[in-house]
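Here the structure comes first, spelled out in structure tokens, and everything after it is commentary.
Coordinate-derived values only; no laboratory data. What you see is a predicted model; the values in this text were computed from it and never measured. Don't worry about glycine lacking a Cβ; one is built from the backbone with ideal geometry, like all the others, and counts go over all protein chains shown.
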């Protein structure tokens, strides 16, 4: 990080702690803006990471980037989410304790993406086995499922999380991800039945309608048109350009399979989603008595089919309420408004409980079966502070959650700072900061807090309304410095408040809430007979979500805000037991445009994210702290006493170094393992001096290299060359030895690439020894060398042949022996002629040698004939001919007409090529100009090539893909022969023929 300080004027400072004007919001924003425009979206405040959404793809999340940040000191490289994730992981392994990463920010700031990047980093950096890979895949693919069922398009974000999520990733002692667990908080169920203009319902509804195949939609009774469903069109934006519902549907289906959802589970799950859509299309009309009656039986029939509930039971549950009067139960009919409320309450209850079932199902697939102790890294992706034009019950709960987290955040930050000071032996200086405990108590205090007053109003008998709730707050908490209403405000402030509003002064600023709907949303009541209807369902998931064992108490259930408060208490306990790390996400503009930095918007987020508070805590005392070893390693060139090598301890080296640099006593403190520097300007001056020194050292080093003697360079090069040759030689030897050993191991197996060389060596070795130890007589036949297994069959024939040869040579007639010797000599002479000169010579060795292949019939008839083809000199057109050999001459005939006679006395030579073409050229003497020229022959065919006396002719031979004879462009006769099996090169030769040869 220190290296980046030289460019601080252009790209800003990587750590806000090093800002001189650390109390100035303007300086903070200026630094953030500089870095944003240079595409540096990450900045530190100590170990807290500030992330600004770039709204474009940056090439900073590749596998190469992950490898770069693995195992590196936190401040060694530029700020990055991978640096924080790696530091958390390594700290967990070294200290064997639990940690959590709190990711916060407003909708659209990039919280969900940050969570994904951390999971992807751990998926790559953790040890890999088949079991661990399965866990990793489930952890990664749980995200698309939860996003589909829990995220939606809002005005500020096309993929806004409408629930809070805390995920524990469990690791074993080696750092392998072995399991996980997810806790969800406050799903925004009201979105199922109502969306503001410009917003959508949860993604899964649109994905099912747009991406589901025709057969599935037909089974669910759905049409591929979102406009036909009331719950999907209230926001008037079913289609969004940035969302591909069809593609997302495929991802969700795959993710459900990987996370161990069976086909039956998915069938029931999609049935529930479709039933909610059909439920929203059920309409009511008033009958003659003014009571609600169904007027759309078709939609209700689909609901009954998909949920497996009798139609009459469902209809009664939607239009009547069961009232208990002592020992009797009475059905009270709904008005149309009450029926609509009951329908929407049922839809919210079905979806909300299904979402909880979904999370539990994912947890089952992530569960770690090993009961031994595991380390944990928690990821808390929770809704950020929300301020809209109209803020309702949901924003009240979300902002209360942020107040609690801010309180925890300050407490843990102060605690960690104080612990570090005490551990290093530095005196702790009290830090002034805003304590938001007063706001938390305003909301949650027993009997007098807003939550208690809201619950009282919801539970009390009589006509309780949102207005009576507002009046009760004005009565109980009037005069509180952080609470204001239209009635309690002064004349000037009243102009900014409606009569149904109340305003809270949060740590992040003022938020005005509209009290309308608070009681209904807090109650979130599902009539008791609605639950009874659901218990009769044959859908396995619905039966699980509405169990018959659920206590059906006559007492009212806990309100939504009370449940949320309890879950926050549980979350706080979880977080307090772990070491904290923070990521603060910032949205640079409302238009989601890359490169656009809205100062007003960013300033507002900096304020309510508590970044200035955190910076003040981190800067309370000392701006910079580093371990002695790291500080000395970087800055030791600045002192001749510490450069190039310091012999003593790192602390003594740092003390010597800062003495040489002239640090004043109030500018630094020496801890037990770290140096603390109070002012950034002191560090800047040190870094600037180091940069100057570094250039001087570079010049000196280059000069010393130039002055090195040529002898030393040559010696180094020569030694390197010899070493490389020796390495190559040893590498070759290792390969040969490996092949030999492998061949020896597999010697008894069928011949293959592993043992072919070894078996060849065995054969050669045996035959060489056999040559030196052949028996001389028949009597020594038992002294034959024992062959290796691979040669037993072949050697048996060798043995028979050799014994026969010995017997033949010793006892057979001498004349026969003379004939055999003559034939052997003839074979040796023939071999000398063709060995190494003809391509197919190796294939002829294995064939028995004959001094002639002319049949015995020739000896009787004294003639031998063979069919040939003659090619004209002009154009080389083929003509059928017959070639006859007699005792005096050879004749070329066309039918009964002699075309050419070749006396053996005029034959002066024979030429052949070195290819496997079976061509030969008979060179003849031409005394008469009318005589024909040389004759070109090929085994079963003969090519006649007339050359006039006194002229020369050329026959070109080459190897090719097929055998051909044709006239080349240069006028030569071209003979192309097919390459032999073992031929790996092409040859091209030319033979000269004519009467002059």
Exercise. Of all alpha-carbon pairs in the stretch 624-706, indicate the percentage at a distance above 22 angstrom.
Key: 24
Quiz item: Using the 10 angstrom Cβ neighbour count as an exposure proxy, how do 70, 423, 612 rank, fewest first?
Solution: 423, 70, 612
Exercise. Any chance you could give the angle, 0 to 90 degrees and rounded to 10, that helix 466-476 forms with the longest Cα principal axis of the chain?
Key: 60
Quiz item: Can you sort 265, 501, 666 so the residue with the fewest Cβ neighbours within 10 Å comes first?
Solution: 666, 265, 501
Quiz item: Where Rh denotes the Kirkwood radius from the mean inverse Cα pair distance, what is Rg over Rh for the stretch 756-812?
Solution: 1.02
Quiz item: Expressed as an acute angle from 0 to 90° and rounded to the nearest 10, what is the orientation of the C-alpha long axis of helix 111-125 relative to the principal long axis of the chain?
Solution: 40
Quiz item: What ranking do 543, 64, 239 get, fewest neighbouring Cβ atoms within 10 angstrom at the top?
Solution: 64, 239, 543
Quiz item: Given the C-alpha centroids of the stretch 303-378 and the stretch 107-165, what is the distance between them in whole angstrom?
Solution: 27
Self-check item: For peptides 165-171, 750-756, sequence by mean Cβ density within 10 Å, most packed first
Solution: 165-171, 750-756
Quiz item: Restricting attention to the alpha-carbon atoms of the chain, what are Rg (one decimal) and Dmax (integer), both in Å?
Solution: 47.5, 146
Quiz item: Any idea what the relative contact order of the chain is, in percent, if you count C-alpha pairs under 8 Å spaced at least 6 apart?
Solution: 10
Quiz prompt | Cα gyration tensor category, rounded, prolate or oblate, for the stretch 327-374 with a/c compared to 1.5 | solution = prolate
Practice problem: Please give the helix 710-745 orientation as an angle from the longest Cα principal axis of the chain, in degrees from 0 to 90, rounded to the nearest 10. | Solution: 80
